[in-house]
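Every number in this text was worked out from the coordinates using simple rules, so none of it is lab data. This is a predicted model, so every value here is computed, not measured. Cβ: placed from backbone, ideal geometry, glycine included. Neighbour counts: every protein chain shown.
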Amino acid sequence: MLFEIRDIKTLKLVELYTGMMKSRLIEEKMLILLRQGKISKWFSGIGQEAISIGLTHALNEDEYILPMHRNLGVFTSRNIPLSKLFSQWQGKVSGFTKGRDRSFHFGTKDFHIVGMISHLGPQMGVADGIALHQLINNTNKVTAVFTGDGGTSEGDFHEALNVASVWNLPVLFCIENNGYGLSTSTKEQYNCKNLADKGIGYGMESHIIDGNNIIEVYRKIEKIAKDIRKKPRPILIEFKTFRIRGHEEASGVKYVPKELIDTWAKKDPISNFENYLTSNDIINTEDIKTIKDSLNLEINENLESAYKEPYPEIDVELQLSDVF
Ligand SMILES: Cc1ncc(C[n+]2csc(CCOP(=O)(O)OP(=O)(O)O)c2C)c(N)n1
């Protein structure tokens, strides 16, 4: 894997590495908690960290991101307190959905993140709405929305891209092409060579980015975002990557050929970048240990606080007041 660092500062390189490692270590912890019955569901983004972390670092903190169920790195890169995330996944009152959902269907305006819509495609239309507001108010801000390869087969994808193109909405449509939409492989999902090719049909600029290369993601998104801020318009990005684990943990990967997983495991975004950083004397094995120890400490301390948080009580008045 080639890392074209150019003018990226060392501090940023370490930040990107630490960001990916944080996401990975949280996931590894969650997989243990899942087996212990302490959380009930997990959608893994292991192997796809470079996309969420690279993109979030490339955008400004007040620019909206609409992540999906595999974008933990968006939440962690916006520095949301981990105890609040852990409370969410444990169904605690202090979680974002107050115990109503235990996975990724939540957002937080405080961190400019709009929660995923379970039906996948519709959130691209929501991104259009946010971008329309930005355009009308001349804010020069980008809105980034995620979808998977599976999500691109929904009608909402077509509608959202079409209107964004016709109205010049400043949206970054990000397709995470990870090889499978649940158990449907990309070969059964679409008939064009690249999903980025769909941009032609909408009259929209599109790019293909190696989603496992943190530097490529960060550099290219930073450049594209700057361009959109100057000249508002939608751009379609196809990140090439792979889903190493199951759609969610319960369904497994029996339908995925083992060779495919082995091939992509060699392209792991973290180990490849780590090799680059160590072989170029940017960090050494001791630094890596320090980074991991400090992240593990943060994770464990925040887990302890989340464990102490209460579960919701049934209170009809409160539930109704939240709905209406
Ligand atoms: C309308 C609708 N159909 C089915 C589902 C169940 N479902 C959730 S995610 C998913 C797979 C989506 O695949 P893709 O967009 O490729 O994203 P990935 O999970 O691979 O990251 C499915 C079938 C759903 N949430 N909504």
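In this rough spin-label picture, where each label sits 7 Å from Cα along the Cβ direction, the Tyr311-Asn275 distance is 4.6 nm.
Distances between placed amide hydrogens fall under 5 Å for Ile117 paired with Gln123, all partners being 5 or more residues away or on another chain.
Counting only C-alpha contacts under 8 Å and six or more residues apart, can you give the relative contact order of the chain as a whole percent?
Numbers: 544 pairs, mean separation 75.1, N = 324.
Relative CO of the chain lands at 23 percent.
Suppose a student asked you for the relative contact order of the stretch 184-324, using Cα pairs under 8 Å spaced at least 6 residues apart; what percent would you report?
On the way: 70 pairs, mean separation 25.6, N = 141.
Once divided by the residue count of the stretch 184-324, the mean separation gives 18 percent.
Under 5 Å between amide hydrogens, built in the peptide plane, is the criterion, and for Asp149 it picks out Glu176, Asn178 among residues at least 5 positions away or on other chains.
Over 27 Å apart at the Cα level, from the set Lys41/Lys258; Lys12/Lys38; Lys220/Lys258, are Lys12/Lys38; Lys220/Lys258. Under 5 Å from the amide H of Gly246 lie the amide H atoms of Gly252, each residue being 5 or more positions distant or on a separate chain, with H modelled from the backbone and absent for Pro and chain starts. With each label modelled as a point 7 angstrom along the Cα→C-beta vector, the Leu318-Ser183 pair spans 4.0 nm. Helix screen, the chain: DSSP H segments with Cα axial length of 27 Å or more and mean Kyte-Doolittle hydropathy at least 0.0 are 10-35.
Relative to the present Cα-Cα distance, how much length would full extension add between Arg100 and Lys289 at 0.36 nm per residue of separation? Could the numbers behind the result be given before it?
On the way: separation 189, 0.36 × 189 = 68.04 nm, distance 3.72 nm.
Gain on extension, Arg100 to Lys289, equals 64.3 nm.
Between Asp62 and Tyr255, residue separation times 0.36 nm minus the direct Cα-Cα distance comes to 65.4 nm.
In percent, how large is the relative contact order of the stretch 16-85, given Cα pairs closer than 8 Å and 6 or more residues apart? Please report the intermediate quantities before stating the final value.
On the way: 52 pairs, mean separation 25.7, N = 70.
Result for the stretch 16-85 is 37 percent.
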